[in-house]
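Notes follow once the structure below has been shown.
The values are calculated or read from the model by the stated rules, or taken from the named source; none is laboratory data. Given the structure is predicted, the values throughout are model-derived calculations rather than measurements. FYI the Cβ positions are ideal-geometry reconstructions off the backbone, even for glycines, and counts take in every protein chain you see. These area figures cover heavy atoms from the full protein model, side chains too; ligands, DNA and RNA do not enter into them. Shrake-Rupley method; radii C 1.70, N 1.55, O 1.52, S 1.80 Å.
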Amino acid sequence: MSSTTRNPRDKQANRAEIPVDQVGHLVAMAARAPSVHNTQPWRFRVSARAVEVHADQSRKLAAEDPVGREMLISCGAAVFGLRLALRQLGRLPVVALLPDPFQPDLLAELSLGRRARVSAREWDLIAAVPHRHTHRGPFAAEPLPAGLLAGLQRDAAAEGATLVLLGAGSPHRTLKHLVLTAARWQRRNPIFQAEQQRWTRPAGSMSRDGIPAHALRAAPPHPDERLTMRDFDVHGQPGLLQAGGPPSAMTGVLITAGDAPIDWLRAGQALNRMLTHAASQWVFADINSQPMESPTLRARIRDQLALPGIPQLLLEFGRAHTAAATARRPVDELLIHA
């Protein structure tokens with residue numbers, strides 16, 4: 001998807017105006033982005049010629065994400081969703097990441113650049129946004145579409161990141177062991193458990209954030225199934241998602257060259273671009289951040305897999321025929337009013 005990066009000092013005088021009647025749609029589409037535990041840690045300020053994306057520090061995970069890395073990855077995903085929404089207006093989005101060093105929570109500023117026809121590929125992405133979701137259930141025993149994985153790697157590269165794919169064998173076994181180590185470490189930590197419980201919703205909950213019961217497993221997964229998944233305690237109640245047997249899936253590691261806020265925002269944009277592309281072909285991903293929440297395990301993943309960069313997220317892609325997207329907060333809650 002095309003966009004233009006601008007210098008934060010550039011003026012907005014020559015930018016097109018943001019249509020007032022499109023503000024709700026733009027924010028709602030950006031807010032369909034994936035976020036850790038569905039915390040939705042973003043807010044938006046809309047002016048006549050720009051839309052700003054801000055981090056919502058009140059939604060940062062204090063135990064799992066003390067430096068805000070996962071929060072910024074989530075917000076970077078929202079930046080991509082906003083870029084896609086702006087493309088619907090027939091113009092190229094002009095993007096400035098971290099435009100003001102004196103406002104660290106101002107993560108991006110987007111405006112409307114020159115006119116450009118929306119491509120068929122972009123329309124496919126736009127159509128996939130409503131049903132894109134993190135998939136925690138079993139994948140269908142079907143092969144992935146031909147050429148999709150190479151396309152996802154191109155998506156990551158276009159956003160300044162890299163998707164490293166791991167086939168069966170020693171690398172995958174090594175990764176599975178490290179993920180299991182992370183799961184055990186977090187299960188023994190009451191602070192982590194309390195934070196996960198805070199963002200887990202029981203069956204029947206009307207909450208518009210957090211992980212709903214329909215997205216959580218009703219039973220432990222098959223011992224040979226995928227990587228170890230995060231063990232949410234649904235307030236002592238079972239989840240509603242059925243477990244399954246060994247899937248047909250591909251594991252990948254999303255990496256960046258650096259490990260600074262700008263890299264986290266790039267990783268988030270790459271993540272949402274890949275997930276939306278995959279969803280356009282009814283392929284979804286389980287996103288695993290557990291081992292990345294331990295600096296020690298994160299370093300071990302990089303070293304033991306000989307990754308050419310900094311690991312940010314683990315993903316498992318597979319076929320599914322569901323559209324159980326999680327709820328989102330209403331647009332008015334997300335707007336920063338002047």
Can you give the FRET efficiency to the nearest 0.05 for Asp100 and Thr296, using r as the Cβ-Cβ distance and R₀ = 41 Å? 0.75
Ser170 versus Gln57, label points 7 Å from Cα toward the beta carbon: distance in nm? 4.6
Arranged from highest to lowest average of other beta-carbon atoms within 10 Å per residue, in what order do the peptides 96-103, 35-42, 192-199, 72-79 appear? 72-79, 35-42, 192-199, 96-103
If you find the alpha carbon centre of the range 282-308 and of the range 13-75, how far apart are they in angstrom? 25
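In terms of the ratio Rg/(2.2 N^0.38 Å) built on C-alpha atoms, what value belongs to the range 107-186? Please list the in-between numbers first.
On the way: Rg = 17.9 Å, N = 80, 2.2 N^0.38 = 11.6 Å.
Expressed relative to 2.2 N^0.38 Å, the Cα Rg reads 1.54.
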Can you compute the radius of gyration and Dmax for the range 243-338, using only the Cα atoms, both in Å? 16.1, 52
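Leaving out ligands, DNA and RNA, and with a 1.4 Å probe, what % of the accessible surface on the range 112-175 is carbon or sulfur? Before the final figure, lay out each step's value.
Details: 1790 of 3140 Å².
That share works out to 57 percent.
Give, in nm to one decimal, the length gained when the segment between Arg114 and Gln281 is fully stretched (0.36 nm per residue of separation minus the Cα-Cα distance). Display every interim value, and only then the final one.
Values: separation 167, 0.36 × 167 = 60.12 nm, distance 2.97 nm.
The Arg114-Gln281 span can extend by a further 57.2 nm.
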Carbon plus sulfur, as percent of the 1.4 Å-probe accessible area of the range 265-326, comes to 49
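On alpha-carbon atoms, Rg over Rh for the range 1-156 using Kirkwood Rh? Before the final figure, lay out each step's value.
Numbers: Rg = 16.6 Å, Rh = 16.8 Å.
So for the range 1-156, dividing Rg by the Kirkwood Rh gives 0.99.
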Proportion of all alpha-carbon pairs of the range 56-115 beyond 16 Å (%): 51
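Exactly which GluC sites (Glu not before Pro) in the range 11-64 are in a DSSP loop and have at most 13 other Cβ atoms within 10 Å? Don't jump to the answer; show the numbers that get you there.
Working: sites: Glu17, Glu52, Glu64; in loops: Glu17, Glu64.
Here the GluC sites (Glu not before Pro) that fit, given the DSSP loop and packing criteria, are Glu17.
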Could you work out how far apart the two model spin labels at Ala48 and Asn14 are, taking each label as a point 7 Å from the Cα in the direction of the beta carbon, and quote it in nm? 1.8
Which whole-number value in Å² is the accessible area per residue of the range 36-123, probe 1.4 Å? 34
Rounded to 0.05, the calculated FRET efficiency for the beta carbons of Ala140 and Ala325 at R₀ = 22 Å is 0.80
